[in-house]
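Here is the structure we will look at, set down as structure tokens.
Throughout, read-outs are computed from the coordinates displayed, never taken from laboratory work. Just so we're clear, the structure is a prediction, and the values are computed from it rather than from any experiment. Positions of Cβ are backbone-derived with ideal geometry, glycine not excepted, and every protein chain shown enters the neighbour counts.
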Amino acid sequence: MKKLLYIFIFLLISISTQTLALDSGSVDIKVVINKAPNIESFQPDDGYRIIEGDMLQISVIANDPNNDILQYRFIIKGIIKRPWSNEASFNYVLTGDDIGLNNIKAEVTDAIDIIQTEEIEIYVFRRPLDLP
């Protein structure tokens, strides 16, 4: 695949220099192959338990082999709760609508590749009533 890419670039330059009547000197082209980001960790842990009204901190630690700037997106129950951002963590206050099982995942992008964390499940319990 790399050889095919190099041949294509060489042909493109050869045709362009002849078509544009450019000097047939040498041209250096640097091809950087993008590598997808790597996810090192994702919090909270699968099976985490929390009470409605509490704040859930969701965070992901990722790096990029090409040192590209990363952006993060957080999804709860299939709904994007925070769109793409440079922040690798997200605080989410759980409401009565969140009681029960919730699936959470994060996505990380380097503007070329998007990778996903494993989906985890958290359990949200109803806040106990305060008795007089």
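Highest mean packing comes first when the peptides 125-132, 95-102 are listed by Cβ atoms within 10 Å, giving 95-102, 125-132. Remark: the Ser85-Ala36 segment gains 15.9 nm on full extension, using 0.36 nm per residue and subtracting the alpha carbon distance. Would you work out the Kirkwood radius for segment 38-125? I mean one over the mean of 1/r across all pairs of different Cα atoms, in Å. The Cα-based Kirkwood calculation yields 13.3 Å. Using a simple spin-label model with pseudo-atoms 7 Å out from Cα toward Cβ, Glu119 and Leu131 lie 3.9 nm apart. The phi torsions of segment 54-59, fed into the Karplus equation with coefficients 6.51, -1.76 and 1.60 and a -60° offset, translate into couplings of 7, 8, 9, 9, 10, 8 Hz, rounded to whole numbers, with Gly and Pro shown as x. The local environment of Arg49, defined by Cβ-Cβ distances under 14 Å, has a net charge of -4 under the rule Lys, Arg +1 and Asp, Glu -1. The string of couplings for segment 37-49 from the Karplus curve (6.51, -1.76, 1.60, θ = phi - 60°) is x, 10, 9, 8, 7, 9, 10, x, 6, 4, x, 4, 10 Hz, one whole number per residue in order, with x for Gly and Pro. Its Cα gyration tensor gives segment 66-117 an equivalent ellipsoid, and the semi-axes of that ellipsoid, as √(5λ) in whole Å with the largest first, are 25, 11, 7.
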